[in-house]
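Colleague: This is the structure, below, for whatever I ask next.
No lab work stands behind these numbers, since they all come straight from the coordinates. This one's a predicted model, so the numbers in the text were calculated from it and none came from an experiment. When we count neighbours, we look across all protein chains shown, and the Cβ atoms used for this are built from the backbone with ideal geometry, even at glycine.
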Amino acid sequence: MSFDEIIERRGTHCAKWDMMQPIYGVPAEDGIAMWVADMDFRPPQVVQDAVERMAAHGVYGYFGDDSAYLAAIQWWMANRHGWEVAPEWIFTTHGLVNGTGLCVDAFTAPGDAVMLMTPVYHAFARVITAAGRTVTECPLTVMDGAHQMDFAGWEALLTGREKMLILCSPHNPGGRVWSVEELQAVAEFCVRHDMILVSDEIHHDLVFPGAKHTVMPLAAPQILDRLVMMTAGTKTFNIAGSHIGNVIIPDPGLRASFGKRMAALGISPNSFGLHMITAAYSPEGAAWVDEVVAYLDGNRKLFDDAINAIPGLRSMPLESTYLAWVDFEGTGMAPAEFAERVEKGAKIAVNHGGSFGKGGESFLRFNLATPRAVVEEAVERLRVAFADLQ
Ligand SMILES: Cc1ncc(COP(=O)(O)O)c(C=O)c1O
């Protein structure tokens, strides 16, 4: 598979390329979309084949017998992450934003608070507040150019109403792969403050050489009675439009509460997602993931070298994810000014750091999962847009 191929996505109802003009004012004709977290690549052939089999058959009725689907998830977790999952622990949601909403619904009550380590994936706060709960923002610190946890500082920020902590592991944005020691500290913090721990590991298959991800149940097996794992193949295989995610709950009591909410809302997955995931979680899918990670690693090196050569800009070294997190603080510009240079000057649509919560204000997030030539063009435009700083 050549990830260098430029696939035209404009005019395909693609959020990333077709919505950049209405949302950011970045022109559709010559703008570059580096915001929404999906990749400009086709998924592995094994996934294409599964969809083509469905299309060739041509009858799209209700799905039955999920044993192969569940076995594929079990295989993936055991082979790629060393974690043995029982099939009855697995719930299939309409993606992990949906999974987050269900967790908030099942494990907290209106008026309760949910702790987030900010800056963090913006949909968490949106879902929590829409459900009538509040967010307790606990900012990560930046040390040696990377995010660090600050448990001592966070103790003082808790209100006593926190019933749940949503961890992003690896972290989006910034790409930290948390160490086993950090994960254990998160687990202990949850025990100390009696919080359910939801570990969103949607990015955990896209980890760069040199970093080692550990799934939460292996890092802290003592907290299985308060742990909800969220994983998915959608980022991994670039099939986010299939809206399918795994919420994996080892504890029977938590499982009963979650299952009750699923049943009350009548949630059952769509057959495209089920077929795609069954195909993707396979040796063929695994070989493709190794290739895409190597390609993304090349993109991240190219991007970081070019960005860090622009005075005042600093790209956080990613250990995981394809979402570069660039600090513009050194430019001395206000967020509106550096964002305008990127959007109007360089014509690149990016995510604004402030939307990720406290600590994100001086940052922009750039999606690097695109052919290398597009990354090269983007960094050249950024060089020009900030040329007066040289
Ligand atoms: C941490 C995290 N969780 C969840 C999602 C979205 O999940 P889904 O598309 O399954 O709703 C994203 C997308 O970027 C993400 O970064």
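Colleague: Taking the conditions exactly as written (among the small types (Gly, Ala, Ser), within 18 Å of the chain's Cα centre (by Cα) and within 22 Å of Tyr60 (Cβ to Cβ)), does Gly245 satisfy them or not?
Modeller: Details: among the small types (Gly, Ala, Ser): yes; within 18 Å of the chain's Cα centre (by Cα): yes; within 22 Å of Tyr60 (Cβ to Cβ): yes.
Spelling it out, Gly245 is indeed among the small types (Gly, Ala, Ser), within 18 Å of the chain's Cα centre (by Cα) and within 22 Å of Tyr60 (Cβ to Cβ).
Colleague: Another one. With region 49-147 as the region, which strands (runs of 3 or more DSSP E) entirely inside it contain at least 1 residues that are in contact with a Lys or Arg (Cβ under 6 Å, 6 or more places away or on another chain) and not β-branched (Val, Ile, Thr)?
Modeller: Values: elements: 90-93, 113-118, 134-139, 141-143.
So the answer is 113-118, 134-139.
Colleague: Here's another thing I want to ask about it. Can you name every residue in region 201-235 that is of a type in the set (Asp, Glu), free of Cβ contacts under 8 Å to residues at least 40 places away in the same chain and buried (at least 21 other Cβ atoms within 10 Å of the Cβ)? Steps first, answer last, please.
Modeller: Going residue by residue through region 201-235, those that are of a type in the set (Asp, Glu) are 201, 205, 225.
Restricting the remaining residues to those that are free of Cβ contacts under 8 Å to residues at least 40 places away in the same chain gives 201, 225.
Glu201, the sole residue that qualifies.
Colleague: Give the number of residues within region 169-182 that are hydrophobic (A, V, I, L, M, F, W, C) and surrounded by 24 or more Cβ atoms within 10 Å (Cβ to Cβ).
Modeller: Filtering region 169-182 down to residues hydrophobic (A, V, I, L, M, F, W, C) leaves 177-178, 180.
Among the residues that remain, those that are also surrounded by 24 or more Cβ atoms within 10 Å (Cβ to Cβ) are: 178.
Qualifying residue count, region 169-182: 1.
Colleague: May I pose another question? Within the set of pairs 6 or more residues apart or between chains, which connect a residue that is away from the ligand (no atom under 16 Å from the Cβ) inside region 26-37 to a residue that is part of a strand (DSSP E or B) and among the small types (Gly, Ala, Ser) with Cβ atoms less than 7 Å apart?
Modeller: Val26/Ala349; Gly31/Ala349
Colleague: Right, something else. May I ask you to verify whether Ala306 is surrounded by fewer than 19 Cβ atoms within 10 Å (Cβ to Cβ) and either touching a Pro at 6+ places or on another chain (Cβ under 9 Å) or not charged (D, E, K, R) (or both)? Let's see the steps before the verdict.
Modeller: Values: surrounded by fewer than 19 Cβ atoms within 10 Å (Cβ to Cβ): yes; either touching a Pro at 6+ places or on another chain (Cβ under 9 Å) or not charged (D, E, K, R) (or both): yes.
Against the criterion (surrounded by fewer than 19 Cβ atoms within 10 Å (Cβ to Cβ) and either touching a Pro at 6+ places or on another chain (Cβ under 9 Å) or not charged (D, E, K, R) (or both)), Ala306 qualifies.
Colleague: Continuing with the same structure: Would you pick out the residues in region 165-192 that are within 22 Å of Phe107 (Cα to Cα) and hydrophobic (A, V, I, L, M, F, W, C)?
Modeller: Taking region 165-192 as the starting set, the residues that turn out to be within 22 Å of Phe107 (Cα to Cα) are 165-169, 183-192.
Once the filter is applied, which keeps residues that are within 22 Å of Phe107 (Cα to Cα) and hydrophobic (A, V, I, L, M, F, W, C), region 165-192 yields Leu165, Ile166, Leu167, Cys168, Leu183, Ala185, Val186, Ala187, Phe189, Cys190, Val191.
Colleague: Mind listing just one residue for me: the one in region 329-343 that is more than 15 Å from Ala387 (Cβ to Cβ) and touching a residue at least 24 places away in the same chain (Cβ under 8 Å) and, of those, surrounded by the most Cβ atoms within 10 Å (Cβ to Cβ)?
Modeller: Ranking the candidates gives Glu343 first.
Colleague: Being within 15 Å of the ligand (Cβ to nearest atom), more than 18 Å from Met77 (Cβ to Cβ) and buried (at least 17 other Cβ atoms within 10 Å of the Cβ) narrows it down to one residue among Asn238, Asn270, Asn246; which is it? Walk me through how you get there before you give the answer.
Modeller: On the way: Asn270 fails: buried (at least 17 other Cβ atoms within 10 Å of the Cβ); Asn246 fails: more than 18 Å from Met77 (Cβ to Cβ).
Result of the check over Asn238, Asn270, Asn246: Asn238.
Colleague: Here's a follow-up. Quick one: is Asp105 surrounded by fewer than 22 Cβ atoms within 10 Å (Cβ to Cβ), within 16 Å of the ligand (Cβ to nearest atom), touching a residue at least 12 places away in the same chain (Cβ under 8 Å) and over 20 Å from the mean Cα position of the chain (by Cα)?
Modeller: Details: surrounded by fewer than 22 Cβ atoms within 10 Å (Cβ to Cβ): yes; within 16 Å of the ligand (Cβ to nearest atom): yes; touching a residue at least 12 places away in the same chain (Cβ under 8 Å): yes; over 20 Å from the mean Cα position of the chain (by Cα): yes.
Yes.
Colleague: When the residues of region 2-25 are narrowed to those that are over 21 Å from Phe303 (Cβ atoms) and touching a residue at least 60 places away in the same chain (Cβ under 8 Å), which ends up surrounded by the fewest Cβ atoms within 10 Å (Cβ to Cβ)?
Modeller: First, pick out the residues of region 2-25 that are over 21 Å from Phe303 (Cβ atoms): 8, 10-15, 18-19, 21-23, 25.
With touching a residue at least 60 places away in the same chain (Cβ under 8 Å) added as a condition, the list becomes 23, 25.
On the way: Ile23: 11, Gly25: 13.
Filtering first and then ranking leaves Ile23.
Colleague: Can I ask one more? Mind checking which helices (runs of 4 or more DSSP H) fall wholly inside region 274-390 and carry at least 1 residues that are closer than 26 Å to Thr231 by Cβ?
Modeller: Details: elements: 283-308, 335-340, 372-385.
Because the criterion is at least 1 residues that are closer than 26 Å to Thr231 by Cβ, the helices (runs of 4 or more DSSP H) in region 274-390 that meet it are 283-308.
Colleague: Can you work out which of the residues in region 38-58 that are buried (at least 16 other Cβ atoms within 10 Å of the Cβ) and aliphatic (A, V, I, L, M) is nearest to the ligand (Cβ to nearest atom)?
Modeller: In this case the residue turns out to be Met39.
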